Amino acid sequence: MATDESAVLAASMISAGIPDVETFDTRAIQALDAAHFLHPFTDHAALRGKGARVIVRGQGVYVWDSDGHQLIDGMSGLWCVNVGYGRTTISQAVYRQMETLPFYNSFFNTTNVPAVQLAAELVALAPPQFSHVFFTGSGSEANDTVVRMVRRYWDIRGQPERQVIISRHNAYHGSTLAGVSLGGMAGMHAQGGLPVPGIRHIGQPNYAEHGQGLDENAFGLVAAGWLEDEILALGADKVAAFIGEPVQGAGGVIIPPPTYWPEVQRICDKYGVLLVADEVICGFGRLGAWFGSELLGMRPDLISFAKGVTSGYVPLGGVLVGKRVAYALVEQGGDFNHGFTYSGHPVACAAALENLRILRDERLVEKVALETGPHLKAAFQQLATHPLVGHAESCGMVAGLNLVRVKGATVHDCVPFERTLQVGMLCRGHMFGNGIIMRAVGDRMIVAPPLVMTKAEIDEMAARIWMCLDLTLADAQHRGWM
Ligand code: PXG
C-alpha cells in the first residue's frame, strides 16, 4: 500500500475514535500491519500471506478479535495479565499518576513517590533476604541488569575474575544482547554471533527428555550435578552466578523435580556462587506463591521480575536485590554506572501498586495455591487421558501437555511425532479457530491463564482443549501422520 493511502486509512481509523468490535476493517489493518509493523519473532513473508490476527478488546479471561470472535486467553497475553483484562482501578491509578506527574527520572539524587512505595512493597512481599529493588522497563533489561550487577558485586568484593554466569540450554531470559546470551535458545544464538563471552550453558532438568531410567527425584540430583561439574570445570573462582527460571516458561513449562533446586542451592552455597531466580513469569502468584523460588526451595541472591508486576498493563521490570549484594553496592561500591531513563517510571509504578493491591485483596495468590491451581492440575490430568496426549504437568497456573504419535505407559515410552510435521502448530491452529489461545512449543501445548480464571472457566477451557485435541487427532490421521 502506498504511504499516502496508509496515512489516510490510519487517519480515518483514528478520527473514528475507538470503534466497536464489529466496526473494525480487519483487512485494512492487516494491510497496514504488513506494510509497516515488524513484529517480534515473526516470519513476515509468511505472515503477510495470512494477515495478522487483530486483538481489539479484553475483559476478564477473554479477548476479542477484530472480527468479533471471543477467545479464552489461555496465555494471559504473554504470561502477564495476571489480574485479567478490564481492571478499571488500574486504568484510574495510571490516569491519576499521569495527571499528577507523568514522568520524572530517578538519576541525579532524585526520586518519586510511587517508585519508593513500590520498592518498599516489593521488598515486604519478597523473601526475607531481600532489601532493595532496581527498576527497569522489561524482563530483558532486568536480566541485563543482573549481568552487570553480579559482575560489579564481585569487583567490589575483590574477586573481579569471577565473571562467568552459568545458565541452561533452552532457557529464555530475554531478547537484549545479555538476555539472549543468558538464554539457551540455539535459534536465537545463531543470529548475531551470540552468546556474548562469559556465559555458559548446562542441561535443563527436563525429566521427559533426559530422565530415562531414573525416577524423578534421582534425576533432579543428576541435573543439579551438571552445575557442579561446570563449576569445577571452569574453576569456582571464575564463576559469578547461576541463573534459572524456577519453572521454565517459554522453553515449554518444564517443571523440575522437587530435588533439583534444593541441590542447586547447596552447590551454589558450597562454591560461593550467587543464585539468580528469573521470576519474570513465575513471580506474582503464577505458581501459587508470590515468588516461585520460595515454593521450589531456592534462596536466591537476586530475583529478576517483570510481566505480572503490572499484569502487563504498563511495561515495568526490575531486579530484587538480596542483602549481601545490596550491602556491597550500597555500602562499599560507590557509583554503579547503570540505569535506564524509565527506571522507576512513576506511571508504571502506580500501575504496579494497584495491581499488587488487587492480587492481595482478592487473595489471588492463595486461590492459585489452594483452589484454581489444583483444579487446573486435575483438568490437565484428565486431558492426559486423551489418545493424542503422552503426558501433562502443571504447577499453579501454568500447565503443559505433550502431543505424541503413540501413547506409552510412562513419559519415556511415548513415541513423538516427526519434528518437521509441526503437530503443535496444527493443534494451535485448531485452538485459535475454536476460541482458545494456547502456546505451542514444539509438540508441547501450554497454558498460563490469568490468575482470576474461575474453576468454571477452567472447565470451559479444558472442554475446548479436549475438542481441539479431537480435531487435531482426526487431522493428523487424515494426513497419514499416525
Ligand atoms: N525472562 C523470562 C523468564 C521470560 O519469560 C523475559 C525474561 C524477557 O522479558 P521481556 O519483558 O523483555 O520480554 C521473559 C519473556 C514465549 C515468550 O514465547 C516468552 C517471553 C517473551 C516472549 C515470548 O513464550 N518471556
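The values are calculated or read from the model by the stated rules, or taken from the named source; none is laboratory data. Just so it is clear, the model here is predicted, and its values are computed rather than measured. Please note: Cβ atoms are built from the backbone with ideal geometry, for glycine as well, and neighbour counts cover all protein chains shown. Only protein heavy atoms, including side chains, enter the accessible area calculation; ligands, DNA and RNA are left aside. Shrake-Rupley method; radii C 1.70, N 1.55, O 1.52, S 1.80 Å.
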**Asked** Loop-only check: which trypsin sites (Lys or Arg not before Pro) in region 328-390 are DSSP coil with at most 13 other Cβ within 10 angstrom?
**Response** R363
**Request:** Work out from phi, with θ = phi - 60° and the Karplus expression 6.51 cos²θ - 1.76 cosθ + 1.60, the ³J(HN,Hα) of each residue of region 353-369, listed in order in whole Hz, and give x for Gly and Pro.
**Result:** 4, 5, 4, 5, 4, 4, 4, 6, 5, 8, 6, 5, 5, 5, 4, 4, 5
**Estimated vicinal HN-Hα couplings, Hz - region 308-325 in sequence order (Karplus 6.51, -1.76, 1.60; Gly, Pro = x)** = x, 5, 10, 6, x, 5, 9, x, 7, x, x, 10, 7, 10, x, 4, 5, 6
**Request:** Whenever you get a sec, compute what percent of the accessible area on region 225-264 sits on carbon and sulfur atoms (1.4 Å probe).
**Result:** 59 percent
**Item:** Share antiparallel - DSSP beta bridges, region 90-361, percent rounded to 5
**Value:** 45 percent
**Complete:** So, with points 7 Å from each Cα along the Cβ direction, the R479-K270 label distance in nm works out to 4.6 nm
**Prompt:** Rounded, prolate or oblate: which one fits the chain, using the alpha carbon gyration tensor with axes a ≥ b ≥ c (rounded when a/c is under 1.5, else prolate when a/b beats b/c, else oblate)?
**Reply:** oblate
**Message:** Within 10 Å of each candidate Cβ there may be at most 16 other Cβ atoms; applying that plus a DSSP loop requirement, which chymotrypsin sites (Phe, Trp or Tyr not before Pro) in region 63-107 survive?
**Reply:** F103, Y104, F107
**Fill in**
To the nearest Å², the heavy-atom accessible area per residue of the chain with 1.4 Å probe amounts to 43 Å²
**Prompt:** Given Cα pairs under 8 Å that are at least 6 residues apart, what percent is the relative contact order of the chain?
**Reply:** 18 percent
**Full-stretch length increase - E371, Y104 - with 0.36 nm per residue and alpha-carbon distance subtracted** = 92.0 nm
**Amide H within-cut-off set for V441, under 5 Å, with H built and near neighbours excluded** = I446
**Request:** With a/c under 1.5 counting as rounded, go ahead and sort region 90-361 into rounded, prolate or oblate using the C-alpha gyration tensor (a ≥ b ≥ c being the square roots of the eigenvalues; past the cut-off, prolate if a/b is larger than b/c, else oblate).
**Result:** prolate
**Cα-based Lys pair tally, the chain, threshold under 27 Å, eight or more apart or on separate chains** = 11
**Message:** At 1.4 Å probe size, with the rest of the protein present, what percent of the exposed accessible area of region 62-153 is carbon and sulfur atoms?
**Reply:** 59 percent
**Fill in**
The long-range amide H neighbours of L274, using H built 1.01 Å from N in the peptide plane and a cut-off of under 5 Å, are A241, F242
**Asked** If one computes the Cα centroid of region 20-72 and of region 268-295, what distance in Å separates the two points?
**Response** 35 Å
**Item:** Considering only the chain, percent of DSSP beta bridges that pair antiparallel, nearest 5
**Value:** 65 percent
**Complete:** For V452, the residues 5 or more places away or on another chain with a placed amide H closer than 5 Å to its own amide H are G84
**Asked** Cα centroids of region 414-445 and region 305-358: how far apart, whole angstrom?
**Response** 36 Å
**Asked** How far apart, in nm, are two points set 7 Å out from the Cα along the Cα-to-Cβ line at R48 and at Q159?
**Response** 5.4 nm
**Request:** Give me the net charge of G244's neighbourhood, meaning all other residues with Cβ under 11 Å from the Cβ of G244; Lys, Arg count +1, Asp, Glu -1.
**Result:** -2
**Item:** For q = 0.19, 0.21 Å⁻¹, Debye-computed log10 I/I(0) when each Cα of region 181-242 counts as one equal scatterer
**Value:** -0.84, -0.93
**Request:** For an R0 of 30 angstrom, estimate the FRET efficiency from the Cβ-Cβ distance between T23 and E460 and round to the nearest 0.05.
**Result:** 0.60
**Prompt:** Rounded, prolate or oblate: which fits region 149-274 when a ≥ b ≥ c are the square roots of the eigenvalues of the alpha-carbon gyration tensor, with rounded for a/c under 1.5 and prolate only if a/b beats b/c?
**Reply:** oblate
**Prompt:** Residue-wise, which Karplus ³J(HN,Hα) couplings in Hz belong to region 446-457, taking 6.51 cos²θ - 1.76 cosθ + 1.60, θ = phi - 60°, and x for glycine or proline?
**Reply:** 10, 10, 8, x, x, 5, 7, 4, 7, 4, 5, 5
